[in-house]
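See structure below.
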Amino acid sequence: MTKTRFNTYDVVCSVTELQKLIGMRVNQIYDIDNKTYLIRLARNEEKVVLLLESGLRFHTTSFEWPKNMAPSGFTMKLRKHLKNKRLESFQQLGVDRIVDLQFGSGEAAYHIILELYDRGNILLTDCELRILNILRPHVEGEELRFAVREKYPKDRAKQDSGPPSVEQIKEAIQRAHPGDTLRTALNPVLEYGASVIDHVLHEHGLFGCRIGGELPSDANLPKKVKRKQKNICKEFSKVFDVQTDLDALLSAINDAESMVQNARKEPSRGYIIQKKEVRPAKEGEKEEYYFTNLEYHPYPYSQYRGEPCKEFDSFASAVDEFYSSLESQKIDLKAFAQEREALKKLSNVKTDHAKRIEELSKVQLGDRKKAELITRNQDLVDKALLAVQSALAAQMSWTDIQDLVKAAQANGDPVASCIRQLKLEINHISLLLSDPYAVLDENDSENESDSEREDDEQKLEQMVVDVDLALTAFANARRYYDQRRFAARKEQKTIESSSKALKNAERKTLQTLKDVRTQTTINKVRKVYWFEKFYWFVSSENYLIIGGRDQQQNELIVKRYMRPNDIYVHAEIQGASSVIIKNSAGGEIPPKTLLEAGTMAISYSVAWDAKVVTSAYWVHSEQVSKTAPTGEYLTTGSFMIRGRKNFLPPCHLVLGLSFLFKLEDSSVERHRGERKVRTFDEESIASREEERSEMSEQTEQEIKLDDESDQEEQVSFPDTHVKVEHDTGKVSVRTDPILQRLTSETERSSEIFLGDDKPYIIRPAAPRLKQISKSKQKAKDKEQKAKEKLIAPIKDDAQQKQGQLKRGQRAKMRKIKEKYKDQDEDDRKMIMDILKSAGNQKAADAAQEEDEEHRENHGAGDGKGGDRKRTPRLKPGEFEELGDDVPAVADLDMLDTLTGQPVEEDELLFVVPVVAPYQSLHNYKYKVKLTPGTGKRGKASKMALQIFLKDKQCTPREKDLLKSVKDEVLARNIPGKVKLSAPQMQKVRK
């Protein structure tokens with residue numbers, strides 16, 4: 001049984017070892033789960049992480065534990081009081097399993113009290129031990145309460161009163177039940193722990209002792225108790241005698257006391273007790289052994305002498321190794337169980353094969369013997385057949401025939417005597433036949449050679465043979481010979497088919513063993529990246545983009561993960577994710593990456609299920625604040641956007657599911673630069689390729705390309721707000737009320753389409769602009785004239801660019817011209833002046849930026865309700881202090897080790913599934929398209945995996961890596977109900 005928690009001696013040894021931490025300051029505190037906490041301590045260049053788990057353990061750790069994505073309230077309370085405090089003392093309370101850590105001194109001191117017994121607990125107290133926070137509030141008895149503002153009863157811990165007296169030992173033995181072990185009897189009076197007691201008893205020859213006396217009756221005991229008592233009595237057969245064994249017991253107790261005193265003076269080494277087991281293997285393979293960790297100890301106890309043991313320099317190292325390898329050990333044990341199951345199935349197939357062959361061989365041998373007996377007794381068989389046939393021909397009843405046979409047998413008739421049963425209902429009779437030449441064989445046996453003695457045909461045992469009344473003796477013998485030949489042919493076919501089945505079973509077993517071992521290796525190597533707890537992907541230009549799954553993650557991303565150079569992307573639609581473009585290298589973010597981030601923000605919102613196509617926007621990190629306007633408040637996950645929003649073109653709801661492969665260091669250079677910012681020429685080539693993959697209509701008509709510049713891709717974002725109204729029946733997308741008041745009606749009612757050298761003005765069908773309406777009412781002739789002026793340049797430009805436009809662009813341009821052909825030149829000029837005014841009036845713009853404060857509610861509707869407590873303001877560029885789990889500038893180096901285009905020469909370590917805008921997956925080897933639909937995301941992800949595995953270009957290593965991905969991880973980032981699109985999908989379904 002695996003050890004699960006510290007005993008008293010473990011606490012003593014661990015406290016002694018961790019005295020070296022005194023004087024170090026608290027740098028940060030994290031929580032792994034609701035019971036386990038990490039305290040990072042630092043002193044000059046030295047850094048140590050202390051792990052505390054309520055009720056179980058405490059030790060330093062060098063293992064990278066997965067921290068919670070958002071710190072708990074208990075963790076935040078610990079941070080508030082302990083951060084930057086120095087560890088002043090680290091002690092055990094009495095001889096109990098309670099540890100007291102004091103941080104700070106005097107009135108500024110705070111204590112963490114860790115309880116390691118029963119259900120455990122962790123408490124934070126002030127200098128007077130008054131509880132400030134508690135992990136598990138509870139009440140003991142009528143007066144003792146463990147809750148906030150109560151004082152912790154320090155004196156309740158068991159105190160060290162030295163070894164027990166002789167009288168106390170005798171009383172403990174007398175109170176014990178008959179059949180109890182000596183250790184069980186001594187536990188109430190000894191505070192050393194079960195392992196130490198067993199060790200000293202073993203050293204003094206008392207380990208196998210039990211308390212004597214008459215054992216209790218088993219009549220009324222449960223089966224489990226009976227079995228336990230029976231095992232104890234069997235293992236501990238020696239009875240403790242107070243007269244003869246007391247001195248040895250006292251010496252053992254003194255040794256235990258000495259062990260504890262020494263452990264308080266000097267740090268102990270660490271030991272892990274292991275169990276050696278045979279790894280499942282095929283027949284003929286060499287046996288392999290593996291070791292499973294059972295227990296950790298600070299001393300080489302005698303009771304484990306001879307058991308496999310792993311030694312460490314310190315007890316903390318042993319405990320850290322034990323718990324950090326638990327998950328890996330579970331993976332191994334699960335793999336071994338799968339291997340055993342596969343080998344068991346193979347063994348069953350082999351056993352069944354051998355059994356069927358054996359049965360067919362027995363049938364052949366029996367038929368041959370029956371035919372031989374009939375042949376050697378041909379005259380007797382013909383007479384028996386004739387007798388029964390004569391009786392039937394005389395129309396005797398079956399009963400009379402039976403009586404006739406019995407009478408003949410009583411008279412000693414040899415023919416009747418061989419008849420054992422009449423089976424007249426099937427026209428058969430059973431005859432007892434023996435070999436008439438057996439006597440001659442016995443007489444001649446001395447003269448036979450060895451080969452003749454081994455000839456089974458010359459020796460036939462007596463047996464009952466069924467014969468058909470409709471056939472002669474010769475015909476019956478031939479029938480059995482025919483049956484033998486048929487069984488022989490059947491045996492041959494069975495051997496052939498079973499041989500194929502056996503080979504298939506062996507092949508499947510080998511494949512299963514390979515898959516299990518490969519998956520085990522991959523799972524051990526697999527590193528979970530910090531960004532996988534969020535929505536994430538890598539843009540086509542190698543920028544890491546992350547988004548929050550809920551309001552809590554939205555706030556966490558902005559407060560802890562957004563750096564000054566990063567870009568914040570969002571959309572004014574319910575449930576839209578807060579998206580951050582990580583820009584560790586600095587510089588401008590390319591338009592394509594911005595559009596991909598916008599697609600992500602829109603897709604993870606109600607727009608996915610409602611199938612709403614709308615626009616996202618981006619702002620710089622310094623424009624995002626947690627400070628609410630005067631008299632208002634912000635809910636969780638809500639932020640203020642100050643200043644100008646840069647709106648992106650409408651984002652299509654098209655995502656893709658793919659995989660990024662982790663490269664070994666030697667393969668990284670081969671893929672460096674495969675995701676980069678493309679020039680105009682490279683983009684043109686990529687656009688043609690995207691047309692073949694049905695992605696040519698995504699962004700080309702929203703971006704204006706300046707051909708006369710240095711041929712670099714540029715995107716113009718109008719500095720204005722576009723009101724988007726979608727009446728879908730399910731969701732209504734609205735802008736902020738404050739923004740609506742500040743923005744003119746004209747600005748909210750138009751869009752710019754940059755699909756050509758000359759921009760077109762796209763107006764909503766209703767309401768029409770007032771100025772345009774008045775203009776049209778003044779002169780219809782002018783309207784017709786302006787219409788011709790507008791259509792003429794459009795037609796000329798269209799003819800000039802006809803050869804450059806793609807098929808999808810031409811169709812869309814025709815629709816745009818048809819829809820907006822009623823715009824005249826004055827209308828167009830007036831709207832352009834309105835939209836350009838934001839860029840020309842810098843003074844007015846600056847004044848407006850001071851007044852405009854736009855609330856962004858992430859999944860919170862209109863922002864009403866929630867906690868009215870004001871959130872502290874974050875100054876521009878000011879963020880919460882980062883912990884170890886927050887990445888630095890090394891993001892780019894990490895991204896370069898991930899590729900979506902593996903080649904055969906690459907050494908691949910593991911694979912990471914990714915859900916991203918489809919345009920960012922253009923060059924990936926494996927990808928399927930995801931659009932809003934009705935299919936379940938789990939089923940869609942499994943279908944996508946099968947499509948990838950069926951790909952002819954999928955190498956064996958890639959197949960192994962793809963199979964190792966768990967279903968829940970594969971489908972985790974798919975937004976909701978989905979439609980899957982991919983080439984050859986119907987073939988895979990079939």
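The values are calculated or read from the model by the stated rules, or taken from the named source; none is laboratory data. Not measured: the values here are computed from a predicted model. When we count neighbours, we look across all protein chains shown, and the Cβ atoms used for this are built from the backbone with ideal geometry, even at glycine. These area figures cover heavy atoms from the full protein model, side chains too; ligands, DNA and RNA do not enter into them. Shrake-Rupley method; radii C 1.70, N 1.55, O 1.52, S 1.80 Å.
Computed from the C-beta positions of C309 and N504, the FRET efficiency with R₀ = 35 Å rounds to 0.20.
Under the convention that each Lys and Arg Cβ holds +1 and each Asp and Glu Cβ holds -1, the size of the dipole of segment 287-352 around its Cα centre is about 360 debye. Net charge of the neighbourhood of A157, taken over other residues with C-beta under 12 Å away and scored Lys/Arg +1, Asp/Glu -1, is -2.
In terms of its Cα atoms, segment 332-410 spans 79, 29, 23 Å along the principal axes, sorted from long to short.
Solvent exposure of segment 282-363 amounts to 60 Å² per residue of accessible area, where only protein heavy atoms count and the probe is 1.4 Å.
Between A408 and D967, the simple label model (points 7 Å from Cα in the Cβ direction) yields a spacing of 7.2 nm. Across T4, T630, the residue with the most accessible area heads the list, and the full order at a 1.4 Å probe is T630, T4.
Calculated accessible area for segment 906-990 comes out at 50 Å² per residue, all protein chains present (probe 1.4 Å; ligands, DNA, RNA ignored). Every Cα-Cα pair of segment 375-435 was included, and the share exceeding 17 Å stands at 33 percent.
In this structure, the amide hydrogen of C309, modeled 1.01 Å from its nitrogen in the peptide plane, lies closer than 5 angstrom to those of Q274, counting only residues at least 5 positions away or on a different chain.
Taking a point 7 Å out from the Cα of N68 in the direction of its Cβ, the residues of segment 527-554 whose backbone N falls within less than 15 Å of it are 552-553.
Over segment 1-86, accessible surface divided per residue gives 43 Å², non-protein components excluded, 1.4 Å probe.
With a threshold of 27 Å on the Cα-Cα distance, the over-threshold entries among K383/K406; K350/K952; K533/K959; K369/K493; K582/K925 are K350/K952. Full extension of the chain segment joining S325 with R814 gains 169.5 nm, where the gain is 0.36 nm per residue of separation less the Cα-Cα distance. Electrostatic tally near K423: other residues with Cβ closer than 11 Å to its Cβ, Lys and Arg +1, Asp and Glu -1, net -2.
When you restrict to C-alpha pairs under 8 Å that are six or more residues apart and normalise by the size of segment 361-432, the relative contact order lands at 20 percent.
Taking only protein heavy atoms and a 1.4 Å probe, the accessible area of segment 32-107 is 45% carbon and sulfur.
What is the distance in Å between the Cα centres of segment 42-76 and segment 613-674? Centre-to-centre distance over Cα atoms comes out at 31 Å. Taking all protein chains together and rolling a 1.4 Å probe, K936 ends up with roughly 140 Å² accessible. Other residues whose C-beta falls under 12 angstrom from the C-beta of A475 contribute a net charge of -1, scoring Lys and Arg +1 and Asp and Glu -1.
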